[in-house]
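Since every read-out is calculated from the coordinates, none of them should be taken as a lab result. Everything numeric here is computed off the predicted structure, so don't read it as measured data. Cβ sites come from the backbone with ideal geometry, for glycine too, and all protein chains shown count toward neighbours.
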Amino acid sequence: MRPAGEIESAQLPSAFGQLARINTLASRQKLVVFLDYDGTLTPIVARPEDAVLSAEMREAVRGLASRCTVAVISGRDLSDVRALVGLDELFYAGSHGFEIAGPPGWGPHHEIGAEFLPVLAELERELSAALSAAPGAQLQRKRYSIAAHYRNVQRPGDEELVRRAVAAAIEHRPNLRISAGKKVLEIQPAIDWNKGKAVLWLLEAMNLDPCSTLPLYIGDDTTDEDAFRAVRERGVAILVREEPRLTLANYALEDTGEVRRFIEALARAEGA
């Protein structure tokens, strides 16, 4: 059954067309911007380690952070995404929100799911052996998840081999779950936590009044849908729609270039 509110991404109006409205709302409320990393701040690339933030995008994010609170919400490890973005003044949520930290001097480091680390280590060893049979498949271990990338598999049928290997790996591990992204399957702890929960946790941890806060989230992947769901009624959910799909977002941007121009426009808004 389709979640209530989902529409085809092609039907979404451009976020640029709503910029004046968003800035009007932001002038009356406290704007808090949440940004995905891969596919939003950087283009999707063949190898995750090659997704380097451009100097122009970094400056755009820095400029936005001078206007409002900015957080980066990523499937990458917390330490990884912080190093890639390189801006200490931001909030960061890594591992789809399982690790959360703020700027220097802000609150305690928040983690959830440490009890799953031993089973993830065991699973990493099993999958590493299984995926060796699919040339081009890449296993990426993160602190709170394991990602099996199949964008670069070389032979017909190897995508299905990867999917079967991942499914078999958690068949007798009900405490783990699989989430699908762009040419990647990610194994995570099967607990009620995701990017949307991380957004809501951060808004509460920042001691912000929901009635006077405008959360705005920009993301591109299916893992961002939980965050869209969390903010769409009280704020703004924007999809980077490089591929057609169903979404809960309110508006759309076409690619990372439009993301940069949009956040630059937000940063220089009158009254910012």
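The range 176-272: which trypsin sites (Lys or Arg not before Pro) are DSSP loop and have at most 12 other beta-carbon atoms within 10 angstrom?
Taking the range 176-272 and a limit of 12 other Cβ atoms within 10 Å, the loop trypsin sites (Lys or Arg not before Pro) found are 268.
Once R0 is set to 30 Å, what does the formula 1/(1 + (r/R0)^6) return for the Cβ-Cβ distance between residue 152 and residue 54, expressed as a FRET efficiency to the nearest 0.05?
The computed FRET efficiency comes out at 0.85.
Treating cross-link reach as a plain straight distance, find the lysines whose alpha-carbon is under 30 Å from the alpha-carbon of residue 182, omitting any fewer than eight places away in the same chain.
Excluding near neighbours in sequence, the set is 142, 195, 197.
So how much slack lies between residue 192 and residue 6, counting 0.36 nm per residue of separation and subtracting their Cα-Cα distance, in nm?
64.8 nm
Placing unit charges on C-beta atoms (Lys and Arg positive, Asp and Glu negative, everything else neutral), compute the dipole magnitude of the chain about its Cα centre in debye, rounded to 20.
Using only the charged Cβ atoms, the result is roughly 260 debye.
Based on the Cβ-Cβ distance from residue 125 to residue 209, what FRET efficiency comes out when R0 is 35 Å, to the nearest 0.05?
0.15
Need the C-alpha centroid separation for the range 105-171 versus the range 44-81, integer Å.
Distance between centres, Cα-based: 23 Å.
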